[in-house]
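Q: One structure is given below, represented as C-alpha cells, and several questions about it will come after.
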Amino acid sequence: MKRKPVVFSLIREQSTFMTAIMSVLTFLSVLTLGIALMIGTGVVRMNTTWDLFATIQTNDTNDVPKVRDVLNKNKNIIKSSNEISSAQMTNLMSPWVAGGSALEKYLPHVWEVEFKTPTDMQTVQTQITPYARFLTHKNALATPVRAGWYLIAICALILTVALGSITTCITYIAHNTAMLHKRELEILNQIGASDGFVARQMQIIVARICTRATIFGFLLALPFLLLILAAAHSARVGLMAMIGLNIFGWVILCALPILITVFATHITKHTTKKILKNS
C-alpha cells in the first residue's frame with residue numbers, strides 16, 4: 001500500500017532553518033529540564049537524608065560531661081552518636097588553621113548525632129541547649145537548598161522561554177508557508193478540500209522535521225547531562241554530591257522530545273486553520 005504524498009512541502013531553506021532551530025530549542029529544553037530534575041533530586045535527598053541529623057558543639061570543657069550525660073540518658077531515642085576526637089578535629093581544621101598541639105586548647109568538643117524522629121530531636125535539643133550549641137543539619141543546609149530552588153526556578157524559566165520560542169517558530173513557519181502556497185490553497189478550496197485536510201498536510205511536514213530535530217537535540221544534550229552526573233559522583237559534599245537522575249527522571253526526559261513534536265503539530269494545526277479562515 002503506497003503512502004499518500006503531501007500536497008505541498010516546505011522549501012529547502014525553510015526546512016533547513018526549522019530543523020536547525022528546533023534542534024537547538026530541543027537541546028536547551030532537554031538540558032534545562034535535566035538539570036532541574038537533577039537539582040530537584042539533590043534538594044529532596046538533602047532534606048530526607050539530613051532531616052534527623054544534628055551537630056552539638058561546646059567550647060567549655062566543664063559542659064562536656066553534662067552533654068555526655070544528656071546523650072546517655074536519651075540513648076533510646078538516639079539512632080547513632082559520634083563524638084569527634086581532638087585528633088579528628090585537628091585534621092578537619094588543619095587546612096584552615098595551623099598551630100599544632102596549641103590548637104587543641106581552642107578546639108570545640110563536637111558530637112554528630114542521628115535521631116529516630118523529629119520529636120526526639122526536639123526533646124534532646126531542649127535538654128542540651130543550656131550546655132552546648134545545638135545545630136540541626138537541615139538548618140545548616142538551608143542556604144544550599146535555597147540556592148537549589150533558585151536554580152530550579154531559573155531552569156524552569158529557560159524551559160518556558162524555549163517552549164515559547166518553539167511556538168513562535170512554528171507559527172511563523174506555518175504562516176509563511178501558507179503565504180508561499182496561497183495559490184495551491186485556493187485551488188484546494190475550489191475543489192472542495194476541507195480546512196482540516198490542508199492542516200493535516202502541514203502537520204505531516206512539521207511532524208517529519210520535528211521528529212528529526214528533536215532526536216538530534218536530545219542526543220546532543222545527553223552527553224552534557226552525563227558529564228554533570230559524572231562530576232556529581234566525584235563530589236564529596238554539598239548539593240553537588242546529592243544530585244542525580246532516577247528512572248522517573250529519565251522517562252520524563254525521553255518523553256520531552258515526543259511532547260515537543262506533538263505540541264508543534266498542534267500549534268501547526270491551530271495556526272493553519274486560523275490562516276485559512278482569515279484568507
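Q: I need the helices (runs of 4 or more DSSP H) fully contained in the stretch 1-119, keeping only those with at least 2 residues that are of a type in the set (Lys, Arg) and modelled with pLDDT of 80 or more.
A: 64-73
Q: Still on this model: Please find, within the stretch 224-245, the residue that is surrounded by the most Cβ atoms within 10 Å (Cβ to Cβ) out of those that are in a helix (DSSP H, G or I) and within 13 Å of the chain's Cα centre (by Cα).
A: Per the stated criteria, the residue is MET242.
Q: Spot the failing condition for TYR131; the list is (1) modelled with pLDDT of 80 or more; (2) part of a helix (DSSP H, G or I); (3) under 30 Å from THR61 (Cβ atoms), and only one is missed.
A: Going through the list (1) modelled with pLDDT of 80 or more; (2) part of a helix (DSSP H, G or I); (3) under 30 Å from THR61 (Cβ atoms), TYR131 breaks only (2).
Q: Residues LEU135, LEU163, LEU157: which one is touching a residue at least 40 places away in the same chain (Cβ under 8 Å) and under 30 Å from ALA264 (Cα atoms)?
A: Only one candidate qualifies: LEU163.
Q: Let me ask you something else. Restricting attention to the stretch 134-148, and to residues there that are crowded, with 17+ Cβ neighbours inside 10 Å, at pLDDT 80 or above and not in a helix (DSSP H, G or I), which single residue is farthest from the chain's Cα centre (by Cα)?
A: Once the filter is applied, the top-ranked residue is PHE134.
Q: Residue under question is PHE248, and the condition is that it be part of a helix (DSSP H, G or I) and either touching a residue at least 60 places away in the same chain (Cβ under 8 Å) or under 23 Å from THR19 (Cα atoms) (or both); does it hold?
A: The answer is no for PHE248.
The values are calculated or read from the model by the stated rules, or taken from the named source; none is laboratory data. Everything quoted here is computed from the prediction, not taken from an experiment. We place every Cβ from the backbone using ideal geometry, glycine too, and count neighbours over all the protein chains shown.
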